[in-house]
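Asks: Right, I'll just put the structure down here and ask away after.
The values are calculated or read from the model by the stated rules, or taken from the named source; none is laboratory data. The model shown is predicted, which means the values in this text are computed figures rather than measured ones. Cβ placement follows ideal geometry from the backbone for every residue including glycine, while neighbour counts extend to all protein chains displayed. Only protein heavy atoms, including side chains, enter the accessible area calculation; ligands, DNA and RNA are left aside. Shrake-Rupley method; radii C 1.70, N 1.55, O 1.52, S 1.80 Å.
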Amino acid sequence: EPEVTQTPSHQVTQMGQEVILRCVPISNHLYFYWYRQILGQKVEFLVSFYNNEISEKSEIFDDQFSVERPDGSNFTLKIRSTKLEDSAMYFCASSESLAPSQETQYFGPGTRLLVL
Amino acid sequence: GNSVTQMEGPVTLSEEAFLTINCTYTATGYPSLFWYVQYPGEGLQLLLKATKADDKGSNKGFEATYRKETTSFHLEKGSVQVSDSAVYFCALSGNDSGYSTLTFGKGTMLLVSP
């Protein structure tokens with residue numbers, strides 16, 4: 001069964017450093033998403049991406065964050081200058097293109113980011 | 001805005017007990033409703049979904065019915081197993097823009113003992 005993959009599974013970084021989290025969505029999916037889950041808190045929406053541009057973003061997704069689809073398979077989340085409060089599990093998800101509000105989003109296993 | 005409220009956990013049950021995890025929502029429009037499950041050390045997996053009022057989603061013995069009149073989507077299973085121990089998230093999709101942003105509840109941890 002096709003699945004969303006994410007790398008790395010764990011990342012430790014120093015405050016102020018840039019990190020890039022990588023995702024490979026399911027191959028025939030056209031909508032891509034990033035969510036995060038701070039330990040003990042809700043899973044929160046960050047951004048959605050379609051047709052090589054951001055469709056929607058939350059208040060969390062400020063200028064420190066960016067997303068990119070650098071080639072036909074990868075989807076990346078970059079945090080330019082990490083802060084302690086960016087420590088969280090980051091989930092990538094993808095869905096097919098039709099009727100987006102009803103389509104199932106398939107999640108990857110997540111990248112646990114720890115900012116020291 | 002959209003929101004999802006789940007019962008606080010952990011829920012602790014013995015094997016073969018009946019499970020209910022309550023979920024209520026607030027949303028504009030006509031959202032789709034989902035239950036996701038997160039097993040220890042793993043990512044979120046879709047458990048079941050319902051896309052319109054009175055639909056019942058079911059999978060692996062779990063079921064939930066989309067109740068528009070009570071804005072609820074409670075998860076039930078008649079006989080839980082130890083392997084069902086996980087965190088369960090209720091979620092809804094859809095907003096005023098029509099995009100499929102998912103709004104999650106806080107999650108409910110289920111612990112099943114033999």
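Asks: Could you report the accessible area of A:LYS78 in Å², rounded to 10, computed with a 1.4 Å probe on the protein chains as they sit in the structure?
Replies: 60
Asks: A further question on this structure: What is the average number of partner chain Cβ atoms found within 10 Å of a Cβ in B:17-30? Could the numbers behind the result be given before it?
Replies: Values: counts 0, 0, 0, 0, 0, 0, 0, 0, 0, 0, 0, 0, 1, 2.
Neighbouring Cβ atoms belonging to other protein chains average 0 per residue here.
Asks: Given a 1.4 Å probe, show me the residues in region A:36-65 buried by at least 20 Å² of accessible surface when comparing the whole protein assembly to the chain alone.
Replies: Listed in order, they are A:GLN37, A:LYS42, A:VAL43, A:PHE45, A:SER55, A:GLU56.
Asks: To continue, here is another question. If you build a Gaussian network model of chain A, linking Cα atoms that sit under 10 Å apart, which residue out of A:ILE60, A:ILE26, A:ILE79 swings the most?
Replies: Checking each option, the largest mean-square fluctuation is seen for A:ILE60.
Asks: Using a 7 Å offset from Cα along Cα-Cβ at A:HIS10, what residues in region A:56-93 end up with backbone N under 14 Å from the label point?
Replies: Within reach of a label on A:HIS10: A:88-89.
Asks: For chain B, what's the relative contact order in percent, using C-alpha pairs closer than 8 Å and at least 6 residues apart? Each step should come with its number before you reach the end.
Replies: Working: 301 pairs, mean separation 41.0, N = 114.
Relative contact order here is 36 percent.
Asks: In the protein assembly as shown, if the dipole is taken from +1 on Lys/Arg beta carbons and -1 on Asp/Glu beta carbons about the Cα centre, which of B:TRP35, B:ALA91, A:SER87 is farthest to the positive end?
Replies: A:SER87
Asks: Less than 30 Å apart at the alpha-carbon level, and either on another chain or at least 8 residues along: which lysines does that give for B:LYS68?
Replies: A:LYS42, A:LYS57, B:LYS49, B:LYS52, B:LYS56, B:LYS60, B:LYS77, B:LYS106
Asks: Counting heavy atoms of the protein chains only and a 1.4 Å probe, report the per residue accessible area for chain B as a whole number of Å².
Replies: On the way: 5260 Å² over 114 residues.
I get 46 Å² per residue for chain B.
Asks: How about region B:1-82: which chymotrypsin sites (Phe, Trp or Tyr not before Pro) there lie in a loop by DSSP and see at most 15 other Cβ atoms within 10 Å?
Replies: Details: sites: B:PHE18, B:TYR25, B:PHE34, B:TRP35, B:TYR36, B:PHE62, B:TYR66, B:PHE73; in loops: B:PHE18, B:TYR66, B:PHE73.
Hits after loop and neighbour filter: B:PHE18.
Asks: Would region A:45-116 count as rounded, prolate or oblate if I go by the C-alpha gyration tensor, calling it rounded below 1.5 in a/c and otherwise prolate when a/b exceeds b/c, oblate otherwise?
Replies: Judged from the Cα gyration tensor, region A:45-116 comes out prolate (a/c at least 1.5, a/b above b/c).
Asks: Roughly how large is the B-A contact in terms of buried accessible area, totalled over both chains, probe 1.4 Å, nearest 100 Å²? Don't skip to the answer; put the middle values down first.
Replies: Numbers: alone 6160 and 6840 Å², together 11190 Å².
Rounded to the nearest hundred, the buried surface is 1800 Å².
Asks: Next question. Take peptide B:85-93, look around each residue's Cβ out to 10 angstrom, count Cβ atoms belonging to other protein chains, and average those counts.
Replies: Working: counts 0, 0, 0, 0, 3, 0, 3, 1, 8.
Per-residue shielding by partner chains comes out at 2.
Asks: Another question about this same structure. Among B:LEU13, A:PRO25, A:VAL67, whose Cα sits farthest toward the positive end of the charge dipole of the protein assembly as shown (+1 at Cβ of Lys/Arg, -1 at Cβ of Asp/Glu, about the Cα centre)?
Replies: Of the candidates, B:LEU13 comes out farthest on the positive side.
Asks: Using a simple spin-label model with points 7 Å from Cα along the Cα→Cβ vector, what separation in nm is obtained for B:GLU16 and A:ILE38?
Replies: Using points 7 Å along Cα→Cβ, the separation is 4.4 nm.
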